[in-house]
There are 2 protein chains.
Amino acid sequence: MSNRIGGQTIKLENPPCILSRATIVGKKEGEGPLGEFFDVVLKDDYFGEKSWEKAECRMFQEAAMLAITKAGKQVQDINYLFGGDLLNQIITANYAARNLGIPFFGLYGACSTLTESMSLGAITISGRYADLVLCATSSHFCTAERQFRYPLEMGAQRSPTAQWTVTGAGAFLLSNDDKPPYITYITTGKLIDYGITDANNMGAAMAPAAAAAIKAHFEDTQQGPDAYDLIVTGDLGSFGRDLAIDLLKKEGYDIADRFIDCGCEIFSDDQDVHAGASGCACSAVVFGAHILKNMEEGKYKRILLLSTGALLSTTSVQQGESIPSIAHAVVIDMNRG
Amino acid sequence: MSNRIGGQTIKLENPPCILSRATIVGKKEGEGPLGEFFDVVLKDDYFGEKSWEKAECRMFQEAAMLAITKAGKQVQDINYLFGGDLLNQIITANYAARNLGIPFFGLYGACSTLTESMSLGAITISGRYADLVLCATSSHFCTAERQFRYPLEMGAQRSPTAQWTVTGAGAFLLSNDDKPPYITYITTGKLIDYGITDANNMGAAMAPAAAAAIKAHFEDTQQGPDAYDLIVTGDLGSFGRDLAIDLLKKEGYDIADRFIDCGCEIFSDDQDVHAGASGCACSAVVFGAHILKNMEEGKYKRILLLSTGALLSTTSVQQGESIPSIAHAVVIDMNRG
């Protein structure tokens, strides 16, 4: 009766398309190897606002508006906004949603927000409950550091496994148009907890969740790595990327020759970001500006995209809890499936 | 093409049903006028755990398990959990989802989480992407007070407009069975901001959002208050309830004779809660234990249920932002629509 094809996976009978997308990044991200591909690069991380939080909100909102106008649409054409961010009570997404005035479903999935929002947006369009859905997320190095770690003014030393939160926002307009690329499958993650308690080693916390979601996707669809030109994770960083490869090898899947992590792509080695990048914006801007462009240019026909979230809070860390993580996978396909 | 019937409203072609529900509340809630209707009343607000946060997580998890077992189902039968709570990074829902092991979509809508989760759960089932979806939320007076306001040990005086966060959790199992009650319409809220900056007057912040969602629902469905035996809001409290009535009267809708707010129902006047109750659990436990029971007993055939969320954070308040709010409406109907 339902479109379910396995424990965690659904195949979308009417695959929605990604009609348009927009990416905005901070100065440092603009100086990285993908700098030329982003729609907007900030001159400084305040973006003309009085606080970093307000700057992040403005990035979210402007990415959303840019995705809408690129598609030749207007705000009132959009049926739903699915969005979230890293900040307490997702204030970035909330204030942006207030300013945009679009019916809003607020999400919290930490850095898994991109594929969480795309999963729910795709279900809503595929089920014919919406014609146009906007999926958006953001993060900001300065807002994340002072919320999750230390005041920036303190200049705390960063550990080798630390990752650098991407300053940026990405927005994706999904529609029921028949125009590639399409979202054809959705694999929804479970919380996975390997007992990691070091909030500066989120790659190790997230890698098992990414590996579990990839494994679930392969099993549910009865396909392996060969079915994809590229497998992309959100922000495992260099340690987490290697760990995910190892964990999947133990399960009998070798993904190493077609696997990239957005957290290892956005900055160059000489940008001093230690284990790589992280943040909701990491997969959003790398996928939006770089990977989708490569798909449109024919480099990749079918990819498996997973955003990965470490679901900790300062309270949970202080109370000695380990860090559970989640990864949601979507298949992006230039064919309708 | 789509099932949309207005700017913010959809009619569900295959209305899902609420197959089972469970409610757990704290000691004070158990001593209130609805005390006898809750499934579980805690003896103390630690629930055998070492912290209030862990107690809240245990309530969430046990409410979820109780809803599942009441329906004669097992955890592995549940396709998705849609849930959220008030705490930073929704740690309650995350850790409960980890322990439950169900594919999870994390939501943040503050006290609007109940109807946000029911909206998305209903879309997912109605679109045939799931057979069984669990919607759950929680709040805890002690975790909310120390996160949003003051340390409890400080004994800060509460203002007349202050509301008391409900300690409790509610879980609802949605399915595609043909068994009343059904969820037949969904009206998704926009963020509404009337410029309220007093974090101790959330009723005034939320009432305009509730009124706007009720008005949108009436306009989209071309029906008025007469179409409902009861209109229920989440946690406006006594000030917010009166304000919502006034705002709708100005729009030409008189709802006063069939309107209740869950925040005015759960505690009695002598329980010293000032303007009433609040919290994600407020609408969840009052709807689950009290209103659904009345529907099953024939008192109400068709109700409009709105959970209402004030989308503030301590950071946004400190930066002088006003408090935007949201309300999501669902129609609960003993007939299939």
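Quick rundown of the values:
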{"read-out": "Matching residues, segment A:186-217, being under 20 Å from A:Gly337 (Cα atoms), of a type outside the set (Val, Ile, Thr) and either surrounded by 24 or more Cβ atoms within 10 Å (Cβ to Cβ) or not assigned by TED's automatic domain parsing to the domain that holds A:Thr308 (or both)", "value": "A:His217"}
{"read-out": "Subset of segment A:1-35 [surrounded by fewer than 18 Cβ atoms within 10 Å (Cβ to Cβ) and within 14 Å of chain B (Cβ to nearest Cβ)]", "value": "A:Met1, A:Ser2, A:Arg4, A:Ile5, A:Gly6, A:Gly7, A:Glu13, A:Asn14"}
{"read-out": "Some residue of segment B:326-337 being over 22 Å from B:Val166 (Cβ atoms), without any contact (Cβ under 8 Å) to a residue 12 or more places away in the chain and of a type in the set (S, T, N, Q)", "value": "no"}
{"read-out": "Lone qualifier among A:Ala67, A:Ala136, A:Ala97 - being buried (at least 24 other Cβ atoms within 10 Å of the Cβ) and within 12 Å of chain B (Cβ to nearest Cβ)", "value": "A:Ala97"}
{"read-out": "Members of segment A:36-56 found to be within 14 Å of chain B (Cβ to nearest Cβ) and either over 15 Å from A:Thr92 (Cβ atoms) or assigned to a loop (DSSP other than H, G, I, E, B) (or both), listed by number", "value": "A:Tyr46, A:Glu49, A:Lys50, A:Ser51"}
{"read-out": "Flag for B:Gln157 being more than 23 Å from B:Glu31 (Cα to Cα), of a type outside the set (Ser, Thr, Tyr) and either without any contact (Cβ under 8 Å) to a residue 12 or more places away in the chain or at the interface with another protein chain (Cβ under 10 Å from one of its Cβ atoms) (or both)", "value": "no"}
{"read-out": "Check on B:Glu321, among the acidic types (Asp, Glu) and within 19 Å of the chain's Cα centre (by Cα)", "value": "no"}
{"read-out": "Positions within segment A:312-334 being within 8 Å of another protein chain (Cβ to nearest Cβ), assigned to a helix (DSSP H, G or I) and either more than 15 Å from B:Ile90 (Cβ to Cβ) or not β-branched (Val, Ile, Thr) (or both), in sequence order", "value": "A:Ser316"}
{"read-out": "Checking B:Met154 against (1) modelled with pLDDT under 95; (2) within 24 Å of A:Ile323 (Cβ to Cβ), the condition it does not meet", "value": "(2)"}
{"read-out": "Any chance B:Ser238 is in a helix (DSSP H, G or I) and surrounded by fewer than 21 Cβ atoms within 10 Å (Cβ to Cβ)", "value": "yes"}
{"read-out": "Test: residue in segment B:135-150 that is of a type outside the set (Val, Ile, Thr), within 25 Å of B:Val330 (Cβ to Cβ) and free of Cβ contacts under 8 Å to residues at least 12 places away in the same chain", "value": "no"}
{"read-out": "Residue, nearest to the other protein chains (Cβ to nearest Cβ), within segment A:70-94, restricted to residues that are of a type in the set (S, T, N, Q) and touching a strand residue (DSSP E or B) at 6+ places or on another chain (Cβ under 8 Å)", "value": "A:Asn94"}
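The values are calculated or read from the model by the stated rules, or taken from the named source; none is laboratory data. Remember, it's a predicted structure, so these values are computed and weren't measured experimentally. All Cβ positions, even for glycine, are placed from backbone atoms using ideal geometry, and neighbour counts span all protein chains on display.
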